């Protein structure tokens, strides 16, 4: 195994969304991630074939029936050997399973116990169901996105699930693990997506209170209101993106567009932005996407092609950095970030539920007799 987290052991309670993404990131960094899955029902295929579930790469899967006390005892045995546990259930589910933080810390005082929810562990909405768009809506972030005359669009599930959720979980887990090495004591981390997204919105909360950010969509500097920060259609039906905020980059953009010698409104004259956007749109519609890219190359105009999900892997910059890796016959995003001395890698294809039950439990110190007992009681499954 490679990566800076080599030797770091994580128990992940199987689920969907940001918690599996967080543990996959830890797995990319070298952690030994053991995912606790439900025993698959015979003849029932998962909605997503395992090899396409990229959130589960670099993990091993053990399948348990957590309704059986032998299975719960086995999970607690694994917890005793783990550095961290990650769970993404609604509040109190782990407690009802007999796997809550108090019990786990009683077995392993150094354990970092990370809990992922959308709304948080407490509050009037804590038990309500939700998804990325719902959490994003409550923070005020969703209202800031999209065109002024249309409902706010969902920005995939990147912002709440992954940005405000998974990445904050990883930061919190690693910080708590560093502290545990000094104190010898673990702790529980309450990761709520509404907390993370609100933290991501720090600058815009400040701008709003300062008065430089309005409450209207597509009316501000980085929400599509400014003509120099947005996307435009080109003559071939494709798009380019411009982000020329600084005056020197804006001047370069005007040169690329061929209007630098004209009398134009001040760059930051908000009253002129709507008409300037229309003018920019007319100009960018006169050439193809790739013609604009070629015209702007090397000129610091902050202009880039809007690539499709299929085009992105073929771009020279992406290829030069090996941003994608062919693994298990599929094109995976490569591990990030990059480490000079302890590089991350892709070493384990995404598992089916229970693929690694016997081997992984043995590797974690569970005796062969206990493994046989679990199988005999049908508390554990092995694919």
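Quick notes
- Residue separation of residue 171 and residue 270 scaled by 0.36 nm, minus their Cα-Cα distance, works out to 31.8 nm of gained length.
- Relative to the longest principal axis of the Cα atoms of the chain, the long axis of helix 18-28 lies at roughly 80 degrees.
- Using a simple spin-label model with pseudo-atoms 7 Å out from Cα toward Cβ, residue 233 and residue 262 lie 2.0 nm apart.
- Listing 189, 86, 309 from fewest to most neighbouring C-beta atoms within 10 Å gives 309, 189, 86.
- Added length on full extension, which subtracts the Cα-Cα distance from 0.36 nm per residue, residue 299 to residue 282: 4.0 nm
- Taking 7 Å steps out from each Cα toward its Cβ at residue 290 and residue 206 produces label points 4.2 nm apart.
- Angle between the chain longest axis and helix 247-257 axis [Cα atoms, degrees, rounded to 10]: 70 degrees
- Using the Cβ-Cβ distance between residue 307 and residue 369 with R0 = 41 Å, the FRET efficiency computed as 1/(1 + (r/R0)^6) comes to roughly 0.15.
- With neighbours defined as other Cβ atoms within 10 Å of a residue's Cβ, the residues 156, 111 order from fewest to most as 156, 111.
- DSSP-defined antiparallel bridges as percent of all bridges, the chain, nearest 5: 35 percent
- Based on the Kirkwood approach, the hydrodynamic radius assigned to the stretch 229-314 is 13.3 Å, with every pair of different Cα atoms included.
- Helical contribution to [θ] at 222 nm, DSSP H n ≥ 4, -39,500 (n - 2.57), averaged over the chain, rounded to 500: -9500 deg cm²/dmol
- Relative protection proxy for 21-28, 293-300, from highest mean packing down: 21-28, 293-300 (other beta-carbon atoms within 10 angstrom).
- Considering only alpha-carbon pairs that sit under 8 angstrom and 6 or more positions apart, the relative contact order computed for the chain is 23 percent.
- Within the stretch 63-190, DSSP assigns beta bridges of which about 0% are antiparallel (rounded to the nearest 5).
- Stretched out straight at 0.36 nm per residue, the stretch from residue 156 to residue 216 would grow longer than its current Cα-Cα span by 19.5 nm.
- Ranked by how many other beta carbons lie within 10 Å on average, peptides 9-19, 93-103 from highest: 9-19, 93-103
- Degrees, to the nearest 10: 273-284 long Cα axis against longest axis of the chain: 90 degrees
- Here the stretch 160-186 and the stretch 104-131 have alpha carbon centers that stand 13 Å from each other.
Bear in mind that the values in this text are calculations on the coordinates, not laboratory data. As the structure is a computational prediction, the values presented were derived from the model and not from experiment. FYI the Cβ positions are ideal-geometry reconstructions off the backbone, even for glycines, and counts take in every protein chain you see.
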